[in-house]
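Any read-out appearing in this document is the output of simple, stated calculations on the displayed coordinates, not a laboratory observation. This is a predicted model, so every value here is computed, not measured. Don't worry about glycine lacking a Cβ; one is built from the backbone with ideal geometry, like all the others, and counts go over all protein chains shown.
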Amino acid sequence: MFINKTKEGLNNICGGNVAALRKQMKISQRELADRLQLAGLDVDKNAVQRIEAGKRFVTDIDILALVKVFDCELNDLFESGRDNP
């Protein structure tokens, strides 16, 4: 049987890094949502909160928008040990 959650029961593995990158930029979840919307992704503050908490699945479309907004490399979203900036 295929399980599409982490061992911890999360729906994504990048949420902690999204939170860390956002905090490094010193922006709120609402500001991140606004920037993602400008990048073409239809999300709100609640969606950002759910991504960061690991409660929302993250698509490749989401990942590309996050990379664009954070101006980072793809691997930056998946590296371990980035939980606390």
* Magnitude of the Cβ-charge dipole of the chain, K/R +1 and D/E -1, about the Cα centre, nearest 20 debye? -> 300
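Above 22 angstrom, tally the Cα pairs of the chain and express them as a % of all pairs, no decimals. Write down the numbers at each step before the final one.
Details: 588 of 3570 pairs.
Beyond 22 Å sits 16 percent of the P(r) for the chain.
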* Quick one: if you stick a label point 7 Å off each Cα along the C-beta vector at residue 45 and residue 8, how many nm between them? -> 2.4
* Pick out, from 74, 27, 61, the residue whose Cα sits farthest towards the positive end of the charge dipole of the range 15-75, with +1 on the Cβ of Lys and Arg and -1 on the Cβ of Asp and Glu. => 27
* To do: Eight or more residues apart or on different chains, and alpha-carbon atoms under 18 Å: count the Lys pairs in the chain matching that.
  => 8
